[in-house]
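Have a look at the structure below, then the notes.
The values are calculated or read from the model by the stated rules, or taken from the named source; none is laboratory data. For clarity, every value in this text was computed on a predicted model and none was experimentally measured. Positions of Cβ are generated from backbone atoms using ideal geometry, with glycine treated the same way; all protein chains shown enter the neighbour counts. Protein only, heavy atoms only, side chains kept; ligands, DNA and RNA dropped before computing areas. Shrake-Rupley method; radii C 1.70, N 1.55, O 1.52, S 1.80 Å.
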Amino acid sequence: VPGLLGGSADLASSNMTLLKMFGDFQKDTPEERNVRFGVREHGMGAICNGIALHSPGLIPYCATFFVFTDYMRAAMRISALCEAGVIYVMTHDSIGLGEDGPTHQPIEHLVSFRAMPNILMLRPADGNETAGAYKIAVLNRKRPSVLALSRQKLAQLPGTSIEGVEKGGYIVSDNSTGNKPDFIVMSTGSELEIVAKAADELRKEGKTVRVVSFVCWELFDEQSAEYKESVLPEAVTARVSLEAGSTLGWQKYVGSKGKAIGIDKFGASAPAGKIYQEYGITAENVIATAKSL
């Protein structure tokens, strides 16, 4: 993509955002594309706004840990307000980052950007969805995009797709017929793998289960009523959502009879597997919750 350039707040190796085929953008090397912003998130966001609003079309990205959006929120809000299509690559997006502890573990951040006007909050689950999220981000020149990406390694999941991301929410797997599954389980990012496992277990017990990936609420809300009904049929009220963050807002999709599993308190210091277990972000909890409906 000509004109794609950017960098991170001194976290390129952690964020995996170094363009290895290019050198550093400097006074004497203006053709290079890696920008060394330094540890100053607000300044980084502000610089990216300037680049995005510059004509002709440069496409800037910047990166840091998701929790550090707290330092650059004003710049990100200006991106949304000014229709500056900055790509915010935010890694270490949940309690899954582990031993850095609660100071570094985002809880309320996903919902806070979902609440912000004119910004796309994308949380892809694997390589396919990440490619789809980048495609959306590059094409949206009038609204910024936030990509929340995990620290932990994630498997490529069957049924995910680049095209699905464009709809915001889409069916990843389903063993039901006639748009009438017994349960709908939905998730985003690193937790999609967990609900997929839960669905497999429920299917072994003879249940019909639909798994929905909810990569981007804003894009899903922009779809037609027919499409939304094809993914979340009104008649099916047994719905469970799973996300390693605040449950605020999930009620809109799980409905008054469904349940949202998430984290409505601060995180803790522990390895990813242990803290997920401790906080109930597990396939077992999804299965038990679904059966309770």
Worksheet entry | Of all residues making up region 25-49, the number that are outside any loop (DSSP other than H, G, I, E, B) and either surrounded by 14 or more Cβ atoms within 10 Å (Cβ to Cβ) or not assigned by the TED database to the domain that holds Ala84 (or both) | 10
Practice prompt. Give region 235-252 a look and list any residue that's over 15 Å from the mean Cα position of the chain (by Cα) and either within 12 Å of Val195 (Cα to Cα) or not aliphatic (A, V, I, L, M) (or both), or say none.
Written response: Thr237, Arg239, Val240, Gln251, Lys252
Worksheet item: Would you call Gly6 under 18 Å from Ala133 (Cβ atoms) and either of a type outside the set (Ser, Thr, Tyr) or touching an Asp or Glu at 6+ places or on another chain (Cβ under 9 Å) (or both)?
Response: yes
Worksheet, complete the sentence: Scanning region 69-118 for residues that are open to solvent by 20 Å² or more (accessible area, probe 1.4 Å) and of a type in the set (Ser, Thr, Tyr) gives Tyr71, Thr103, Ser112
Worksheet entry | Residue pairs meeting the criteria (Cβ under 6 Å; at least 6 apart or on separate chains; first in a loop (DSSP other than H, G, I, E, B), in region 269-293; second open to solvent by 30 Å² or more (accessible area, probe 1.4 Å)) | Ser269/Glu99
Worksheet item: What is the one condition in (1) buried (at least 23 other Cβ atoms within 10 Å of the Cβ); (2) outside the structural domain of Thr91 (by the TED database) that Gln156 does not satisfy?
Response: (1)
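In the set Gly168, Gly164, Gly206, which member is in contact (Cβ under 8 Å) with a residue 24 or more places away in the chain and at positive phi? Don't jump to the end; show me each part of the working.
Values: Gly164 fails: at positive phi; Gly206 fails: in contact (Cβ under 8 Å) with a residue 24 or more places away in the chain.
Just one listed residue meets the conditions, Gly168.
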Worksheet item: What is the residue count in region 121-148 for residues that are open to solvent by 30 Å² or more (accessible area, probe 1.4 Å) and assigned to a loop (DSSP other than H, G, I, E, B)?
Response: 4
Worksheet item: Is region 58-68 home to any residue that is farther than 30 Å from Gly262 by Cα and open to solvent by 60 Å² or more (accessible area, probe 1.4 Å)?
Response: yes
